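One structure is given below, encoded as structure tokens.
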Amino acid sequence: GSSSSVQFCGIPNGKGPHTVGCTDLMSDHTIQGTFLRLFYPCSNSGEYEDAVWIPKKQYYLGLADTLKLNRTVVNFIFSHYFGSVKCPARLNAPFKPGEKYPLIIFSHGLGAFRTLYSSICIGLASQGFVVASVEHRDESASATYYLKEKSPSEPCEENCNELEEVWLYNKRPKPGADEFPLRFEQVQTRADECLRALDLMLDINAGKPVTNATQSNFDWLLLKDSLDVKSIAAVGHSFGAATAIKALGRDSRFRCGIALDAWMFPLREEIFSAINQPVLFVNSEKFQWVENVLLMKKMDSTRVERKMITIKGTVHQSFPDFTFLTGNLVGKIFKLKGEIDPYIGMDIIINVTLAFLQRHLGLQKDFNQWDSLIEGEGEFVIPGTNLYLPLQKPENVK
Ligand SMILES: CCN(CC)CCN(C[C@]12C[C@](c3ccc(C(F)(F)F)cc3)(C1)C2)C(=O)Cn1c(SCc2ccc(F)cc2)nc(=O)c2c1C=CC2
């Protein structure tokens with residue numbers, strides 16, 4: 001259809017058999033706590049509204065900072081264009097117990113935050129996964145917040161133990177300074193936050209009571225004994241893909257990783273030998289560069305499956321949700337869309353992820369129907385990279 005019709009299609013529904021719900025969890029309320037949006041198979045009953053895609057205006061202010069644009073202007077434009085966008089998941093709908101679902105911990109990219117990859121998270125949840133999209137407090141998110149006790153400046157009569165929001169915005173490296181120390185420290189923090197999110201989800205699976213600073217009436221007890229604790233994967237986009245790789249190296253409970261258009265810069269190759277899990281690299285055609293792909297190739301292994309494909313006609317923004325929310329012209333100008341139809345691109349991202357997860361989490365589903373995508377076979381994919389790499393010295397391949 002015309003660009004305007006695409007604009008109003010919005011974030012795609014999951015294609016799997018499950019209806020998807022989502023709920024926010026901040027536990028505990030401090031900066032060291034875990035903050036995530038959970039996507040999960042939910043019950044069909046009851047009247048539940050779809051969740052708001054960008055839930056607070058401070059996120060627009062943070063995006064303005066990331067884009068180096070005026071906050072007032074961006075807040076005005078973004079709240080007009082994106083303020084009513086819903087993510088197709090029912091907010092706080094009851095969790096659907098029944099089978100044991102595999103668990104995905106998802107890590108967002110630089111300048112993003114927990115809600116901007118809803119199409120991927122909902123796509124996976126609709127196929128019977130519980131997906132925890134973490135919001136990082138390492139100052140790589142465009143915006144995030146935690147809660148702190150109100151300092152009783154005035155002698156507090158009414159709201160004594162109230163908590164107030166403390167907002168953190170995207171910390172840009174000093175121009176000209178070496179960016180590596182900041183990114184190296186951030187990827188450690190991010191990996192720790194993924195491990196804490198995993199621990200929290202396993203506590204919830206064990207039936208431990210949940211303290212949730214984001215007041216919601218969601219019934220967490222329905223998740224007791226609902227996770228397949230042997231089937232856990234780390235998935236992320238760009239900086240979040242580097243985070244997922246780092247998390248694999250830190251914790252063998254993550255059985256495999258999927259790196260979506262990975263930004264390898266924050267990683268140093270000496271950690272690669274400590275990573276024993278299978279990894280799938282899903283690259284866009286336009287974002288990658290030789291040095292970055294060579295770092296991915298350094299993870300090639302004869303001991304464990306390491307795969308790489310490139311999706312033709314995709315850009316870096318083909319993975320987050322913005323690719324569905326503008327017309328073709330604006331999408332092309334801001335590099336939010338590639339040549340490929342964004343809905344086809346997203347189907348490939350989700351299906352190749354499902355196939356790799358089935359293979360390495362030992363799932364008994366039919367996701368192996370997409371195994372050819374892992375081999376880079378198909379109309380829209382190529383195996384490995386579209387870039388020309390200098391020949392690898394053979395001893396590098398472990
Ligand atoms: C020039 C300097 N460079 C910073 C390194 C540019 C900043 N940049 C490109 C941007 C952020 C962008 C954005 C947002 C939002 C609209 C909107 F108009 F649609 F709202 C448009 C355009 C502008 C995509 C990126 O950061 C690319 N990128 C990303 S993009 C993750 C993201 C961020 C915000 C989102 F809303 C959605 C997704 N994740 C990474 O982990 C890494 C990189 C680069 C290296 C590592």
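Figures for the structure shown
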| item | result |
| --- | --- |
| Breaking point among (1) surrounded by fewer than 16 Cβ atoms within 10 Å (Cβ to Cβ); (2) more than 13 Å from the ligand (Cβ to nearest atom); (3) free of Cβ contacts under 8 Å to residues at least 60 places away in the same chain; (4) not acidic (Asp, Glu), for Ile348 | (1) |
| Within the range 97-127, considering residues that are closer than 18 Å to Arg196 by Cα and within 16 Å of the ligand (Cβ to nearest atom), the one farthest from the chain's Cα centre (by Cα) | Phe113 |
| Enumeration of residues in the range 222-265 that are of a type in the set (Lys, Arg) and away from the ligand (no atom under 15 Å from the Cβ) | Lys224, Lys230, Arg250, Arg253, Arg255 |
| Residue in the range 138-153 that is farthest from the chain's Cα centre (by Cα), counting only those that are within 16 Å of the ligand (Cβ to nearest atom) and closer than 30 Å to Leu222 by Cβ | Thr144 |
| Test set (1) touching a helix residue (DSSP H, G or I) at 6+ places or on another chain (Cβ under 8 Å); (2) under 25 Å from Ile245 (Cβ atoms); (3) of a type in the set (Phe, Trp, Tyr) - Tyr343 fails condition number | (2) |
| Candidate set: the range 190-219, residues that are surrounded by 15 or more Cβ atoms within 10 Å (Cβ to Cβ) and without any contact (Cβ under 8 Å) to a residue 60 or more places away in the chain; chosen: the one nearest to Ala262 (Cα to Cα) | Ala191 |
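The numbers here are math on the coordinates, done by the rules we state, and not lab data. Just so it is clear, the structure is predicted and the values come from calculations on it, not from any experiment. A quick note on method: Cβ atoms are made from the backbone with ideal geometry, for glycine too, and the neighbour counts reach across all protein chains shown.
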